[in-house]
Amino acid sequence: MSAKVICIASQKGGVGKTTTAVSLAHGLSQRGKRVLLIDLDPQGQAATDLGRNPEPGAFHLLTMGSSPQEAGFVQSWVRFTGRDGLYLLPGDRQTLSAQTVLNAQDKPISAIRQSISRFFKDGLDYMLFDTAPSVGGIQERAVWAADLVIVPTATEFLSVDGLGKMLRQLSALQEQKKWRGSLLGILPTFYDEQARESQATLENLRERFEASLLPPIHRATLLRESAALGRTIFEVDPLCRAAKEYQALTKHVLKFEGAG
Ligand SMILES: Nc1ncnc2c1ncn2[C@@H]1O[C@H](COP(=O)(O)OP(=O)(O)OP(=O)(O)O)[C@@H](O)[C@H]1O
Ligand SMILES: [Mg+2]
């Protein structure tokens, strides 16, 4: 499998995981990369943010075996998003049942990595995972499947609390489960330099995680509005600050890969 796999993960809800997954996926595809966004969150929001319907593509990815027929079946759930180079394997509520199956069958930590390398062998530059706000189960296997992980963190009090736990999970996967990937960075989101809470949180993040900290994404109503319209920020206003910030993240990712 030649594609780089990037997982967007945080145990906290509403911190901008889906927004980051969708914006980065579109940003990379706009730079000529072939990208598959895989929605591993039962909320199915990656689809709606791209103007598509939630569907059980992720459920099939997580539960199918390895025969050529099954591979063909999983591939048949990949949707073209209408944007050059950007494809989506949508998720929906059935992903919850896949979680039950994973647990019941006690699938190995490598389960998702094995599935994606079986089903999506060629033709992609990047695979991105959007994940649910959780730890363990699907989330843990998605992180293990990734070459790189981005952890969005809202710049609000208490948001930093869960971060230490998340980073410890990454270290534990490296040390105990032979995970070969790494943290690409912590991405501060909902940043508002007018708000003292936001400033103080960013300062705190800088002090604690300087080396891993990515430039912040400001709070931007347009990000929420564009998601509600099923369009990406690059389609709604490619010159706005949020679009520029997500473009900068895209460039950083390309550079990090040595591929840009
Ligand atoms: N920088 C931002 N400024 C303003 N609104 C934002 C920003 N990032 C995301 N949003 C909006 O905030 C809400 C939550 O964002 P998003 O869905 O990306 O978070 P999430 O971490 O995926 O949430 P969940 O944990 O429920 O999956 C959405 O309505 C989204 O459009
Ligand atoms: Mg989400």
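Read-outs throughout are calculated quantities, based only on the coordinates presented, and are distinct from any laboratory measurement. Worth saying up front: this structure is predicted, and the values here are computed from it rather than measured. Here Cβ is always computed from backbone atoms with ideal geometry, including for glycine, and neighbour counts include all displayed protein chains.
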message: Please give me, ordered by residue number, the trypsin sites (Lys or Arg not before Pro) of region 169-260 that lie in loop per DSSP and have at most 15 other Cβ atoms within 10 Å.
response: Lys177, Lys178, Arg180
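Size of the dipole of the chain about the Cα centre, Lys and Arg at +1 and Asp and Glu at -1 on the beta carbon, nothing else charged, in debye to 20?
Rounded to the nearest 20 debye, it is 520 debye.
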- prompt: If you take every DSSP beta bridge whose two residues both sit in the chain, what share of them, in percent to the nearest 5, is antiparallel?
  reply: 10 percent
query: Of Val149, Val236, Val15, which has the largest mean-square fluctuation in a 10 Å C-alpha GNM of the chain?
result: Val236
- prompt: Once amide H atoms are built 1.01 Å from N in the peptide plane, which residues 5 or more positions from Leu128, or in another chain, come under 5 Å H to H?
  reply: Ile6, Leu36, Leu37, Ile38
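Over 20 Å between Cα atoms, which of Lys17/Lys251; Lys165/Lys244; Lys165/Lys251 qualify? Each step should come with its number before you reach the end.
On the way: Lys17/Lys251 18 Å; Lys165/Lys244 30 Å; Lys165/Lys251 28 Å.
Where the Cα-Cα span goes over 20 Å, the pairs concerned are Lys165/Lys244; Lys165/Lys251.
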statement: Filtering GluC sites (Glu not before Pro) in region 156-259 by DSSP loop and by at most 13 other Cβ atoms within 10 Å leaves Glu193
- prompt: So, in Å, what gap is there between the alpha-carbon centers of region 192-260 and region 18-48?
  reply: 15 Å
- prompt: How many nm is it between the label spots at Leu96 and Ile109, if each spot is 7 Å from the Cα in line with the beta carbon?
  reply: 2.9 nm
- line: Length gained if Val236 through Glu203 is fully extended, taking 0.36 nm per residue and subtracting the Cα-Cα distance, is 8.8 nm
- line: Note on region 4-257: alpha-carbon gyration tensor, axes a ≥ b ≥ c; rule is a/c under 1.5 for rounded, else prolate if a/b larger than b/c, else oblate; result oblate
- line: In degrees, nearest 10, the alpha-carbon axis of helix 95-104 is tilted away from the dominant principal axis of the alpha carbons of the chain by 60 degrees
task: Could you list the chymotrypsin sites (Phe, Trp or Tyr not before Pro) in region 172-260 that lie in coil according to DSSP, counting only those with at most 16 other Cβ atoms within 10 Å of their Cβ?
output: none
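Would you work out the charge dipole size for region 66-123 about its Cα centre, treating the Cβ of every Lys and Arg as +1 and the Cβ of every Asp and Glu as -1, and quote it to the nearest 20 debye?
With only Lys, Arg, Asp and Glu charged at Cβ, the dipole is about 60 debye.
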